[in-house]
Amino acid sequence: MRLRDISNTPQKDVLYQLLEESFLVAYLTVDGHFLEVNERFLNVFHYTRADIYGKECTMLLDGQLYNVAGISHSIFQGETWKGETCFITKFSELKYLESTFVPIENAQGEIDKIISFHKDRTEQKNAIRWQQIAFQNEVTHLPNRRRLAEVLNFYAKNVSEFSLFNLDIDHFKRVNDRYGHAVGDQLLFQIGNRLNGLAFIKDCVYHVSGDEFVIVVPITTTVEKIIEEIHNAFETSFMINDFELTVNMSLGYSRYPQDSTDTSELLQLADAAMYTNKLLKRR
């Protein structure tokens, strides 16, 4: 879609008023320099017209990822571009926008300017981000203990039978002490990915603390088969930078409802079984 230039016509006032009331609006040259912006735009980004008039719109990017090439390609094809953009305000605040860029033709049918209009989606974006932070482990990006509690509560009410596995990395402190915490974090990340990639437990893995993972599996296969798959995952070493690390783990499990119908007790039972296995290895 492209628009015909309606400057100096009654339609221009109507269109501008509609956009003014609902969007952050910026008029640009075909090479992306600011021609005009509305008050909403200035208020959100804390600039004056003098600050930005004639400047490249990329001044708002500040190194943020942004589909400049895609927008330019669409405009020069005479097509509208729609998508998410991220601009930065004068005070270095990130603003996530739902954006539309539309080419405008002059009387000769040539594209001579661009109108862009934007909806500020920063609050929604931040809400999603904070929710992810609240329910994700920051090292592995797997669901964390808080998310596990929600899932167990749901399973106890809606799933007739499931197994809970508690997995702890043996001697993980030695990795941190010898190679540093950066290598330790990378190891945890790779372990989480490897576990989460197993067919029987994909998307069932939770990173609940430093070197401890919990796996919750609705009973669709035998416990023995799941244990075998988990053990097999640790037969191959892990490559971190130039280090090849062989990792052992201890595993314990409990079953709902056979062992308990209380989810807190199920966690305690699986944890106790895991520590029993860990102690047996030391004898």
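Which ones in segment 76-127 are among the small types (Gly, Ala, Ser) and either under 26 Å from the mean Cα position of the chain (by Cα) or at pLDDT 90 or above (or both)? Even if it seems obvious, please write down each step before you answer.
Here is the first cut: in segment 76-127, the residues among the small types (Gly, Ala, Ser) are 78, 83, 92, 99, 107, 109, 116, 127.
Matches in segment 76-127: GLY83, SER92, SER99, SER116, ALA127.
Got a sec? Which of ASP259, ASP271 is assigned to a loop (DSSP other than H, G, I, E, B), closer than 20 Å to PHE162 by Cα and of a type outside the set (S, T, N, Q)?
Values: ASP271 fails: assigned to a loop (DSSP other than H, G, I, E, B).
Every option except ASP259 fails the conditions.
Restricting the search to segment 224-235, which residues are hydrophobic (A, V, I, L, M, F, W, C) and part of a loop (DSSP other than H, G, I, E, B)? The answer is PHE234, and nothing else. Total residues in segment 185-214 satisfying the condition of being aliphatic (A, V, I, L, M) and closer than 16 Å to VAL247 by Cβ: the figure is 6.
Kindly indicate whether VAL247 is in a loop (DSSP other than H, G, I, E, B) and either hydrophobic (A, V, I, L, M, F, W, C) or exposed (fewer than 14 other Cβ atoms within 10 Å of the Cβ) (or both). Can you show your working first?
Values: in a loop (DSSP other than H, G, I, E, B): yes; either hydrophobic (A, V, I, L, M, F, W, C) or exposed (fewer than 14 other Cβ atoms within 10 Å of the Cβ) (or both): yes.
Judged against the criteria, VAL247 is a match.
Filtering PHE41, PHE45, PHE34, PHE76 for residues that are under 14 Å from ILE104 (Cβ atoms) and of a type in the set (Phe, Trp, Tyr) leaves a single hit, PHE76.
Scanning segment 202-223 for any residue that is assigned to a loop (DSSP other than H, G, I, E, B), surrounded by 15 or more Cβ atoms within 10 Å (Cβ to Cβ) and in contact with a Pro (Cβ under 9 Å, 6 or more places away or on another chain) turns up at least one such residue.
The values are calculated or read from the model by the stated rules, or taken from the named source; none is laboratory data. Since the structure is predicted, the reported quantities are computational estimates derived from the model, not experimental observations. So basically every Cβ, Gly included, is an ideal-geometry build from the backbone, and we count neighbours across all protein chains shown.
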